[in-house]
Amino acid sequence: MDPITLYGGAFSLYTGRARSYLIKSKIDYREEPHSSAYFYDVVLPKAGGRRGIPTIEFPNGDVIRDGVAIIDHYESTNGGQFSPETPKQRILSLLFDVIGAEGMLRPCMHYRFNQGEEEGEFLFFHFSTVYPEKDGAKDRIAFIKSTVLPAWGVRPNTKDLIETMHFKTLKKLNAHFSNYPYLFGNKPSIGDFGMIAPLYGHLGRDPVPLSLMQINAPRLFRWVERMNRSEPDIGEFADKSTNYLANDEIPETLIDVLKHFATDFIPESVAAYNCVSHWLEANKDLPAGTVAEREVGSCTFEIDGIEINAVAQPFRFYLLHRLQKEFDSLSEADREDVRQLLKDCHMDEVLNLRLSREMGRANNLEVWL
Ligand SMILES: N[C@@H](CCC(=O)N[C@@H](CS)C(=O)NCC(=O)O)C(=O)O
């Protein structure tokens, strides 16, 4: 069979998630930048006109844009190969997917764009692979620094908080991956793929954050390597099985990781929920099928006495809705167990943040239903 084409970037956050999934699934692919005439003329119109990576193209010309949709496509054709089957692991896997996709953007953007000379040509080279036109890379980097960073809450007053939180992230995940090769034991899950997005492209590959990780969290660094290798790559562990933990076990180390993430994921999600809800209220007449923009306003919340202002993204709730739907489909007894587990992780609020209007997909774009 001919390989599929993965339009992406070596340094791209979301490409890292789809690439890892393709590698672990042993799917033959070739990676290409999304900057060729062919991409603009042939692929982009089929991708809803949104120039986003990852986007994949099958040998028959079909196109899927968006990392979540790409993984969904394969999971629906391979019987959910990387979706745990037991209730707690299943729900936490989806929660890690949201945290990885939406909840770690501040450290990702800070560590990528606030470094100086010590990274040499690294950033510029990578941007020039996807913005090859004259001054394209320079202008794009300048735009991100001046506009995107502050909009996403990466400002001088949040720098110390972002760094302190990231250091804790490294330590907590290092503790977990000292005992287990993947989040739920010896096999990667949807949650692992979500988490590799920030932890590879930005935080486990750019020179400065990479060395922070290698020095302070070597076992987490091993997980990052492992997620980019087709074999299980669990040589340093005594247990060589390749399954999720038995009896729906959730290790204490994972609960500890989630409690840490809850310190900003929950306040930010609540603030973003209020913002998107107001926006929906004010835009009641949107016809079904209207494209959901990536941002619909900004929200303010506080962490450790520091006020943060950040854009509110409907996509966060598109992902949370998947978790909520899964939760609703459980038996009453399982729902109680899962609710208690989420409480122990300080994450139970995620069950309540349900927008008044659902999102779906049409023509490779997220739309309001
Ligand atoms: N929800 C999308 C987000 C994809 C996304 O935002 N990708 C970024 C780069 S990591 C992008 O395409 N930015 C625009 C560009 O590079 O032209 C996904 O999960 O795939």
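The values are calculated or read from the model by the stated rules, or taken from the named source; none is laboratory data. These figures come from a predicted structure and were not determined experimentally. Here Cβ is always computed from backbone atoms with ideal geometry, including for glycine, and neighbour counts include all displayed protein chains.
Within the bounds of the stretch 195-205, is there any residue that is more than 16 Å from the ligand (Cβ to nearest atom), surrounded by fewer than 23 Cβ atoms within 10 Å (Cβ to Cβ), within 22 Å of F113 (Cβ to Cβ) and not β-branched (V, I, T)? Within the stretch 195-205, none of the residues are more than 16 Å from the ligand (Cβ to nearest atom), surrounded by fewer than 23 Cβ atoms within 10 Å (Cβ to Cβ), within 22 Å of F113 (Cβ to Cβ) and not β-branched (V, I, T).
Residues that are in the same structural domain as P251 (by TED's automatic domain parsing) and within 12 Å of the ligand (Cβ to nearest atom) number at least 3 in the following helices (runs of 4 or more DSSP H) confined to the stretch 2-103: 87-102.
Taking residues in the stretch 17-29 that are within 13 Å of E57 (Cβ to Cβ), and partners anywhere that are within 12 Å of the ligand (Cβ to nearest atom) and outside any helix (DSSP H, G or I), the pairs with Cβ atoms closer than 6 Å and at least 6 places apart or on different chains are A18/P54; Y29/L6.
When the residues of the stretch 276-321 are filtered to those that are among the hydroxyl-bearing types (S, T, Y) and outside any loop (DSSP other than H, G, I, E, B), which remaining residue is surrounded by the most Cβ atoms within 10 Å (Cβ to Cβ)? The selected residue is Y318.
Of all residues in the stretch 191-218, those that are closer than 17 Å to I70 by Cα have Cβ atoms under 6 Å from Cβ atoms of residues that are among the hydroxyl-bearing types (S, T, Y) and at pLDDT 95 or above, 6 or more apart or on another chain, in G191/S93; D192/Y182; F193/S20; F193/Y21; I196/S20; A197/Y14.
Being touching a residue at least 40 places away in the same chain (Cβ under 8 Å) and within 16 Å of the ligand (Cβ to nearest atom) narrows it down to one of N363, N309, so name that one. Checking each option against the conditions leaves just N363. The set of residues in the stretch 128-147 being closer than 16 Å to D206 by Cβ and in contact (Cβ under 8 Å) with a residue 40 or more places away in the chain consists of T129, V130.
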